[in-house]
């Protein structure tokens, strides 16, 4: 399967997961299994600067800061998976601003703590993801809307960190804060 077809398949899969997601009332494990799948499925649609990886086949590290709502579901989603030449790994209890993270999922019980953790990654080539359901200074924010997992993207924040997000992923977002046009 070519790169274009692979990305189209992933986009269709992500859309299908959203459209077919069951009601989450009282079913947090299902909600976080879907969010974990989204987190992994987004990775092929994000381009990081080559300098982010210590070697051409260095891992894409998904770092969990704060509460870990995924448990084993995220580990199962990324087990033996690769994005191009990069294996995918999950690291828990990462420190805010950790330079070895390509993705930082931040879920703090305290909104101020969450904001502080996210600020540590501001302007760095890290895809920051939040679960607060409220606008946060991250790049991707998961929300549950009408019992379906959705997400918003701040493409301007991605650009500030040197990340490029595919238009295919941007098209799937509920809302997108666009990057500023080049002068």
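Bear in mind that the values in this text are calculations on the coordinates, not laboratory data. Remember, predicted model here, so these are calculated numbers, not experimental data. Don't worry about glycine lacking a Cβ; one is built from the backbone with ideal geometry, like all the others, and counts go over all protein chains shown.
Observations on the model:
- Packing, as the average of other Cβ atoms within 10 Å across residues, places the peptides 67-76, 154-163, 97-106 in the order 97-106, 154-163, 67-76, highest first.
- Extent along principal axes [Cα atoms of segment 29-159; Å; largest to smallest]: 40, 29, 26
- Once the C-beta distance of residue 29 and residue 171 is scaled by a Förster radius of 41 Å, the resulting FRET efficiency is 0.90 to the nearest 0.05.
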